[in-house]
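A.B. asks: My questions all concern the structure below.
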Amino acid sequence: RLSKQAAERVCDEGARRALEGKLDGVEGHLSKQAVERAADDDARRALQDKLRDLEELVSKQAAERAADDDVRRALQDRVGGTEERLAQEALERASMQGRLAEMEERVSSQAMEIAARDDVSQVVQARLEHVEEQVA
């Protein structure tokens, strides 16, 4: 009976050691998983930080692009205003050139009238002199 109990104890001791070994293996595996999970958490946090940095960069670039668009629109408005002003000035110049041409035409017409009067005046003067010569 004692040897049976001793055999059972040895068997129980072996089973206990086997269970302890399995328990150590499970604890080691769980510990390894915990380390891996912690590493995964660190990696996830690092990726979230990078994602946040990228989102900030994209936001900043979008703001810069919006500012560039505002500047471009302002410049286009200025160019448009300048083009309108230049077109208006060109119309004014054309109008002035038309008036100048009309004035030149009138002056030319008046010069021709004056020349014709001078011719008539010379003819009258010549006849007057001729009449005076005949009277004398």
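A.B. asks: Heavy-atom accessible area per residue, the chain, 1.4 Å probe: how many Å²?
C.D. replies: Heavy-atom accessible area per residue stands at 91 Å².
A.B. asks: With each label point set 7 Å from Cα along the Cα-Cβ vector, what nm distance links Ala115 and Val131?
C.D. replies: Between Ala115 and Val131, the simple spin-label model gives 2.8 nm.
A.B. asks: Can you give me the C-alpha center-to-center distance between the stretch 39-92 and the stretch 93-130, rounded to a whole angstrom?
C.D. replies: Here the two parts' Cα centres lie 68 Å apart.
A.B. asks: Sorting Asp24, Asp49, Asp41 by accessible area (1.4 Å probe), largest first, what list results?
C.D. replies: Asp24, Asp49, Asp41
A.B. asks: Just want the answer: with Cβ charges of +1 for Lys and Arg and -1 for Asp and Glu, which residue in Gln125, Ser95, Val79 is farthest toward the dipole's positive end in the chain?
C.D. replies: Working it through, the farthest residue towards the positive pole turns out to be Val79.
A.B. asks: Sticking with this structure for a sec: Cut-off 10 angstrom, C-alpha nodes, Gaussian network model of the chain. Which of Ala43, Ala101, Ala126 fluctuates the most?
C.D. replies: Largest GNM mean-square fluctuation: Ala126.
A.B. asks: Right, next: Largest first and to the nearest Å, give the Cα extent of the stretch 21-116 along each principal axis.
C.D. replies: Principal extents (Cα only, largest first): 139, 12, 9 Å.
A.B. asks: Mind checking which aspartates and glutamates have their C-alpha under 20 Å from Lys60, skipping anything on the same chain fewer than 8 residues away?
C.D. replies: Asp49, Asp68, Asp69, Asp70
A.B. asks: With all protein chains present, calculate the accessible area of Met96 using a 1.4 Å probe and round the result to the nearest 10 Å².
C.D. replies: Met96 exposes around 120 Å² with every protein chain in place.
A.B. asks: Still on this structure: If you line up the long axis of helix 2-135 against the longest principal axis of the chain, both from Cα atoms, how many degrees apart are they, to the nearest 10?
C.D. replies: 0
A.B. asks: Any chance you could list the semi-axes, whole Å, largest first, of the equivalent ellipsoid that the Cα gyration tensor gives for the stretch 46-99, using √(5λ)?
C.D. replies: Taking √(5λ) for each Cα gyration eigenvalue gives 51, 4, 4 Å.
A.B. asks: How much of the accessible area of the stretch 14-87, probe 1.4 Å, is carbon plus sulfur, in whole percent?
C.D. replies: Heavy-atom surface of the stretch 14-87 belonging to carbon and sulfur, 1.4 Å probe: 56 percent.
A.B. asks: Let me ask you something else. How big is the charge dipole of the chain about its Cα centre, in debye rounded to the nearest 20, if each Lys and Arg gets +1 on its Cβ and each Asp and Glu gets -1 on its Cβ?
C.D. replies: The calculation lands at about 2080 debye.
The values are calculated or read from the model by the stated rules, or taken from the named source; none is laboratory data. Note that the structure is a prediction, hence the values are computed from the model and not measured. So basically every Cβ, Gly included, is an ideal-geometry build from the backbone, and we count neighbours across all protein chains shown. Protein only, heavy atoms only, side chains kept; ligands, DNA and RNA dropped before computing areas. Shrake-Rupley method; radii C 1.70, N 1.55, O 1.52, S 1.80 Å.
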